[in-house]
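This report concerns only the one structure given below.
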Amino acid sequence: MGHYDGVILRRLLVLVLAGTLAAACGGDTRDPTGASPRGSAVGCDAKGVDFAGDVELARCLTERFWARRFQASGSTYAPISDFVAYNGEDGPDCGREPSVPNNAFYCPSGHFIAYDAAWLEGMYDRMGDGAVYLVIPHEFGHAVQAQLVNDFRFSVQRELQADCYAGATLSGLIQEQALQADAGDDAELLANLEAAGDPTDAWWTPDAHGTAAQRQASFAKGFAQGVGAC
Ligand SMILES: [Zn+2]
């Protein structure tokens, strides 16, 4: 399920969003005056100025995004029970399945998300804060799936929907100005997603995430059309 997401997301993120997203509500780190905070991120107090701040902000903004959408449809979003940073081998088990290094995952039995902090921070350092704003919304996509009536026959369907949800979350946060994207970011993002995905089209395998084309199409659909299209 959420396991081994990192294998794919790492490939995806190498090519995507090199520092292109700025968390606007904490002030833009590239703005020396710090004069551009946006007021729309009420309730998410973390400052997106460093790794820890961006991780907390991505969690808060993503959960707020979903809480509002659940509310709009007459239901209630259940926040995750825990958000666990681990390092290498010391992550939490999910059921009887041990966590693995260099990964992020959603655990349905505990309704929590865990991430290898050194791995995620490494991507953050190499590629910029966009890494955090893709990995975390993807995992929250799985947390949302767990609250909906979805019966996926194949893992790839679950993974592609999580990509779609991540795209919808990202564009939703940009639209509500909680995040700001540099000019051309979305085109660059979508173009580069083409290079992501499983190397084969073995969609029946348990951990399949989908081919590059499938992942790009799914993310792009969510980004362009929103949650309802996922
Ligand atoms: Zn996943």
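A short reminder: the numbers here are calculations on the coordinates, not readings from a lab. Predicted, not measured: the structure shown is a model, and the values here were computed from it. All Cβ positions, even for glycine, are placed from backbone atoms using ideal geometry, and neighbour counts span all protein chains on display.
Based on the mean of other beta carbon atoms within 10 Å per residue, what is the order of 134-146, 109-121, most packed first?
Averaged packing, sorted descending, gives the order 134-146, 109-121.
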**Prompt:** By the scheme Lys and Arg +1, Asp and Glu -1, what is the net charge of all other residues having a beta-carbon under 13 Å from that of F65?
**Reply:** +2
**Request:** Highest first, please rank the peptides 94-103, 67-76, 164-173 by the mean number of other Cβ atoms sitting within 10 Å of their residues.
**Result:** 164-173, 94-103, 67-76
**Request:** State the extension gain, in nm to one decimal, for the chain segment bounded by A146 and H111, taking 0.36 nm per residue of separation less the distance between their alpha-carbons.
**Result:** 11.8 nm
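Set the Förster distance to 25 Å, then compute FRET efficiency between D125 and D90 from the Cβ-Cβ distance, nearest 0.05.
Once the sixth-power term is evaluated, E becomes 0.75.
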**Message:** Taking 22 Å as R0, compute the FRET efficiency from the Cβ-Cβ separation of E176 and A229 and round it to 0.05.
**Reply:** 0.75
**Message:** If packing is taken as the average count of other Cβ atoms within 10 Å, what order do 215-228, 49-62 fall into, highest mean first?
**Reply:** 49-62, 215-228
